[in-house]
Amino acid sequence: MDKWHKRFMELTEHVATWSSCLRRQVGAVTVRDKRILTTGYNGAPAGVKTCVERGECLRTKLGIPSGTHAETCYAAHAEQNAIIQAAREGLSLKGCTLYCTHQPCVVCAKMIINAGIKEVIYKEGYPDEFSREICEEAGVKLIRFDDLETEENAKNSEKLRKNRKK
């Protein structure tokens, strides 16, 4: 596995520890040319009490299942916060890679597409097939982190076979 993929994914896991969500801790990092542009974690907007501060998750209280009604939540998603941070700082994300602890939901996928992000490397799945469909249609690569290692192993095996034939 490429050491950079591993490093950036480890960073998403660290950034996720900053989350103020009681249900799921998510971290995101945008990268271009092995340089970190922004980070984001899921949490309430500035000046709004977090679920931790409130002592309860609104979604749990209302019985809202994961992957549905994202608008009924105090938090903004990690991917959204990473994109917003870039906008606040005047940074273009065109052509960059977004590393994330979880597969993006459809709302985040739309923002990723419109921000010009070319690929998303994520660790954990998310119950939102529609986000996968629109990313594919828009040409944004969605790559599961574990699949990178499998892909790399296959390439290395092919190289070994070719070298043995020489």
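VAL29 - would you say it is assigned to a helix (DSSP H, G or I) and either among the aliphatic types (A, V, I, L, M) or within 26 Å of LEU98 (Cα to Cα) (or both)?
Details: assigned to a helix (DSSP H, G or I): no; either among the aliphatic types (A, V, I, L, M) or within 26 Å of LEU98 (Cα to Cα) (or both): yes.
Answer is no for this residue.
Any idea which of GLY67, GLY27 is touching a residue at least 24 places away in the same chain (Cβ under 8 Å), touching a Gly at 6+ places or on another chain (Cβ under 9 Å) and either under 21 Å from PHE145 (Cα atoms) or of a type in the set (S, T, N, Q) (or both)? So that I can check it myself, show each step before the final result.
Working: GLY67 fails: touching a Gly at 6+ places or on another chain (Cβ under 9 Å).
Result of the check over GLY67, GLY27: GLY27.
If I go through the stretch 34-64 residue by residue, how many of them are in a helix (DSSP H, G or I) and closer than 20 Å to HIS102 by Cβ?
Here is the first cut: in the stretch 34-64, the residues in a helix (DSSP H, G or I) are 51-54, 58-62.
In the following step, the residues that additionally are closer than 20 Å to HIS102 by Cβ were identified as 51-52, 58-60.
So the answer is 5.
For the condition modelled with pLDDT under 95, surrounded by 12 or more Cβ atoms within 10 Å (Cβ to Cβ), among the aromatic types (Phe, Trp, Tyr) and at negative phi, what is the one hit in TYR126, TYR99? Step through it out loud before you land on a result.
Values: TYR99 fails: modelled with pLDDT under 95.
Result of the check over TYR126, TYR99: TYR126.
When residues of the stretch 57-82 are filtered for being over 17 Å from TYR126 (Cβ atoms) and either crowded, with 21+ Cβ neighbours inside 10 Å or touching a His at 6+ places or on another chain (Cβ under 9 Å) (or both), how many remain?
1
Could you list all residues from the stretch 36-56 that are open to solvent by 80 Å² or more (accessible area, probe 1.4 Å), within 23 Å of the chain's Cα centre (by Cα) and small (Gly, Ala, Ser)?
Listed by number, the list holds a single entry, ALA46.
The values are calculated or read from the model by the stated rules, or taken from the named source; none is laboratory data. Bear in mind that the values here come from a model prediction, so they are computed numbers and not experimental data. Counting neighbours? That spans all protein chains shown, and the Cβs are built from the backbone with ideal geometry, glycine included. To get the accessible areas, we keep the full protein, side chains included, count just its heavy atoms, and leave off ligands, DNA and RNA. Shrake-Rupley method; radii C 1.70, N 1.55, O 1.52, S 1.80 Å.
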